[in-house]
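Every number in this text was worked out from the coordinates using simple rules, so none of it is lab data. The structure presented is a predicted model; accordingly, all values stated were derived computationally and were not measured. When we count neighbours, we look across all protein chains shown, and the Cβ atoms used for this are built from the backbone with ideal geometry, even at glycine.
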Amino acid sequence: MSKQIIEVYYKNRYVNGLCYPHCSTAKKLAKLANEKTLSRSSLEYIRSLGYTINVVPFIEEKQMSKPTIQEMTDADIEEQFDKAYEIYTDRKGGQFAVFDAVEDGILKATSWQWCEPCEIKSPILKGSCLVCGESGIEEKTDD
Ligand SMILES: [Zn+2]
């Protein structure tokens, strides 16, 4: 088995010691543990599973230079869907919280298209619905 690395960051390590997941694997593990931030015991457990925990510097989200859609890697796209899922489930707004996040620029969408499972015009990223994950959606440009 190859060595697995997860990335985490601390916002204010010496004040509250909250450890935030950074990479998508860390986020998935946090989700699995049902935690927003990784507790000391979860970190211990993750380490015992053979993961190496890398602490990356915390950068204010607003200052982060986000890649444009053309520059997005598969991992970036996956992260967008993870984030959309998080917004969809964590806040009470459901799909509308996702719509707001797209409008606020928190999430990136390539276009808005009619989504059959959502039965509404949904934000689409590279042919997949950000709300329900339906793929293979044809992105027609509005005129
Ligand atoms: Zn959908």
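At-a-glance table
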quantity: Highest to lowest packing among 79-86, 123-130, 99-106, scored as the average C-beta count within 10 Å; calculated: 123-130, 79-86, 99-106
quantity: Helix-only CD estimate at 222 nm, as mean residue ellipticity for the chain, using -39500 (n - 2.57) per DSSP H run (n ≥ 4); calculated: -9500 deg cm²/dmol
quantity: Region 4-55 - convex hull of alpha carbons, volume per residue in Å³; calculated: 66 Å³
quantity: Over region 33-122, equivalent-ellipsoid semi-axes from the Cα gyration tensor in Å; calculated: 29, 18, 13
quantity: Residue-span extension gain [Ala75 to Asp104] - 0.36 nm each, minus C-alpha spacing; calculated: 8.3 nm
quantity: Cα pair distances in region 90-143, grouped into 5 Å bins until the bin that holds the longest one, percent each; calculated: 5, 23, 32, 24, 13, 2, 1
quantity: Pair Tyr14, Arg40: separation of 7 Å Cα→Cβ label points (nm); calculated: 1.8 nm
quantity: Segments 107-113, 32-38 sorted - mean Cβ within 10 Å per residue, highest first; calculated: 107-113, 32-38
quantity: For peptides 20-28, 50-58, sequence by mean Cβ density within 10 Å, most packed first; calculated: 20-28, 50-58
